[in-house]
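The values are calculated or read from the model by the stated rules, or taken from the named source; none is laboratory data. Since the structure is predicted, the reported quantities are computational estimates derived from the model, not experimental observations. Cβ coordinates were reconstructed from backbone atoms using ideal geometry, including for glycine residues, and neighbour counts include every protein chain displayed. Quick note on the areas: whole protein, heavy atoms, side chains included, nothing else; ligands and nucleic acids left out. Shrake-Rupley method; radii C 1.70, N 1.55, O 1.52, S 1.80 Å.
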Amino acid sequence: MAEPDVLPPAGPSKSPTLKAPDHLNSAGLRIEYAEGKGRGVYASCEIPAQTLIEISPVLLLTAQEYAEHGRHTVLDHYTFVWRDGRMALALGLGSLFNHAQRPNVSYTIDYATESIQYTTSRRILPDEELCIFYGHKLWFDPVDATDAGRREPSEEPDDGWGGLIAVEDDGEEESGEISTSSIHALLDRSNGGNPEQVVPEEKLPFRRLKLTPEEEEEEDMDAIRKEEAWVVDLPDPRLAAVMLKWMKQSGLDTPSMAHLKRIRKHDGKMSMVLILTREQRNAPTFPENIELPPPYVVPVPKTAALTMPSLMLKSSLWPTIYAPRKKFEPERWTRDRVRWACEAMKQVVRKAQGASRAGELPIAAYVPMPFDEETRVATRMLEPISAHDTRKSASHPLRHSIINLVRAVGELRASSSARTTISSVPVSHPPQLTSVVDVPPPSLDQVSAALSQSQLHAHPLPLRTPESEPGASQGETRAANGAHYLLTSLTLFTTHEPCIMCSMALLHSRVKEVFYLIPMTKTGGCGGLTCVPRLPGVNHRYGVSVWKFAGEKSLDKVVGESGLALDEACDA
């Protein structure tokens with residue numbers, strides 16, 4: 001890593017007293033000295049993008065070894081926090097890669113082999129230095145920084161991997177909030193690297209649920225969704241044209257069977273599908289001049305085939321239309337956005353643990369400021385907001401954390417109607433969190449009326465704001481019409497999977513996506529007992545992501561150690 005004492009020059013320069021050692025490798029790398037910068041890694045030849053250039057084993061020190069010895073030596077500049085709290089030192093070339101604000105090398109940690117893999121993120125030219133991104137908390141001025149002012153060293157420890165240090169580094173370990181062995185592995189999962197680099201789906205710290213049938217390819221027979229249809233055998237192939245004409249005249253030719261072929265030829269026999277049983281319970285009656293055997297019921301595919309394997313399976317039931325579509329492509333996530341999500345999940349865990357110490361259920365919800373500036377401006381969400389469960393203190397069955405948060409957002413939106421931004425809302429609590437404990441609990445009639453209003457409208461009703469009054473500009477009216485409705489375009493993080501009631505409230509609130517840490521298989525409405533945004537006929541679908549569990553301990557033990565355990569029958 002770069003020496004912090006002197007700003008390094010742009011390129012390598014030979015030291016008059018020190019000679020860089022030769023390094024044997026197959027990627028064309030060499031070690032060079034740069035005056036004032038120390039040793040660095042350079043390319044001896046052109047290296048293509050996405051080339052694995054180094055695998056560095058890691059030497060691990062216990063926290064005690066590091067505290068008593070390591071931090072008092074030069075190793076202090078080269079170690080970083082491992083996921084279990086130990087300090088790690090990269091061997092090989094791993095500790096020689098210097099920092100750059102725009103790195104050309106990314107890296108991933110392989111915990112199974114206790115090593116780090118370094119990969120080029122773009123084409124590398126001969127004699128170009130290979131650099132990684134240390135993170136945002138630097139103890140020196142980077143050469144390619146935009147500002148020349150020298151920074152003061154951060155008082156917070158930095159893991160050298162983009163700032164995703166263990167949660168206990170913020171002080172919660174001493175207050176009993178977060179245990180290193182419990183929640184650390186769940187929340188620190190970005191592994192640093194280039195902040196703009198797209199993280200592959202399998203490397204994300206969460207798993208995104210598929211919500212719509214179009215996202216499923218149904219490539220095994222158990223996954224094929226079926227329904228029943230009336231079918232008749234045609235003893236004479238010439239009857240096919242007669243029957244097709246009759247079906248159009250009789251109204252049996254409905255769009256619901258557009259994905260099915262009308263005629264099936266099997267084992268020398270011709271059959272025709274007539275109509276789905278859900279559209280006509282009784283067997284169709286044929287004209288007297290057409291002699292046919294009685295119709296019968298068979299299972300048929302419910303949708304068209306999206307892939308060739310699916311087509312073969314579905315056609316074994318009944319000939320099906322092949323309608324390939326572009327495979328579902330979820331939204332891409334960069335490392336910087338993953339870091340944003342990890343920090344948001346840490347916040348919601350802290351909120352839930354604080355609620356538990358106050359005698360409430362350890363359930364919390366949190367809406368951070370949107371990751372991108374465009375969404376922050378469009379939604380006017382310029383500060384985060386959170387809420388926790390208050391059913392115990394309020395003696396009210398509807399005071400779930402998500403219901404509290406939706407209500408708090410609604411109050412915040414309403415109170416900002418005479419202002420231009422949410423950030424000017426006066427609060428008596430710390431500005432980063434808007435408490436909902438002091439909000440009067442809604443009556444059952446109010447909640448029922450609110451849900452009924454949402455169910456009556458396919459689109460959310462805009463809040464009445466000065467911008468929507470007569471005389472407001474057309475642009476202002478469009479912005480007020482839905483853009484600032486409750487959770488529209490916002491992301492919600494919660495400790496536990498929302499119950500069915502809260503999941504429906506999120507649907508009516510038009511939330512963009514929901515992330516939860518702990519599944520609730522018996523009561524959850526976002527993948528547990530059911531999945532509300534996946535139900536047929538709903539007028540809004542929001543994304544659902546479940547945090548991945550990584551570690552040797554069971555999820556139940558991790559949840560118990562972190563103080564977030566709930567009865568499995570509890571509605572979160």
Please report the accessible area of Glu32 (heavy atoms, 1.4 Å probe, ligands and nucleic acids excluded) in Å², nearest 10. 20
Measure of exposure for Val409: accessible area at 1.4 Å probe, Å² rounded to 10, is 0
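Averaging the inverse of every distinct alpha carbon separation and then flipping it gives the Kirkwood radius. What is it for region 81-128, in angstrom units? Walk me through the numbers on the way to the answer.
Details: mean 1/r = 0.0803 Å⁻¹.
With all distinct Cα pairs of region 81-128 included, I get 12.5 Å.
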Using alpha-carbon positions, what is the distance between the centroids of region 52-99 and region 304-376, in Å? 34
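When only C-alpha pairs under 8 Å and at least 6 residues apart count, what is the relative contact order of region 215-297, in percent? Walk me through the numbers on the way to the answer.
Details: 85 pairs, mean separation 36.1, N = 83.
Rounded, it is 44 percent for region 215-297.
Among the listed pairs Lys210/Lys522; Lys248/Lys269; Lys210/Lys248; Lys203/Lys392, which are separated by more than 27 Å between their Cα atoms? Kindly include the intermediate steps, with their values, before the conclusion.
Working: Lys210/Lys522 20 Å; Lys248/Lys269 23 Å; Lys210/Lys248 37 Å; Lys203/Lys392 39 Å.
Pairs exceeding the cut-off: Lys210/Lys248; Lys203/Lys392.
Beyond 28 Å, what share of the Cα-Cα pairs of region 199-356 is found? Please give it as a whole percent.
Details: 5434 of 12403 pairs.
Here the long-distance tail beyond 28 Å is 44 percent of all Cα pairs in region 199-356.
Report the Stokes-Einstein translational diffusion coefficient (µm² s⁻¹, integer) for region 495-550, Rh taken as the Kirkwood radius over Cα pairs, at 4 °C with viscosity 1.567 mPa s. Working shown, then result.
On the way: Rh = 11.1 Å.
Diffusion coefficient, whole number: 117 µm²/s.
How high is the relative contact order of region 272-327, in percent, counting Cα pairs under 8 Å that sit 6 or more residues apart? List each step's numbers first, then the result.
Numbers: 38 pairs, mean separation 14.4, N = 56.
26 percent.
Report Rg/Rh for region 231-299, rounded to two decimals, where Rg is the Cα radius of gyration and Rh the Kirkwood radius.
Working: Rg = 11.4 Å, Rh = 12.5 Å.
The Rg/Rh ratio comes out at 0.91.
What is the sum of charges around Leu239, taking Lys and Arg as +1, Asp and Glu as -1, for the other residues whose C-beta is under 12 Å from the C-beta of Leu239? Intermediate values should be presented prior to the final figure.
Working: positive: Arg238, Lys245; negative: Asp233, Asp236, Glu291.
Charge balance in the 12 Å sphere: -1.
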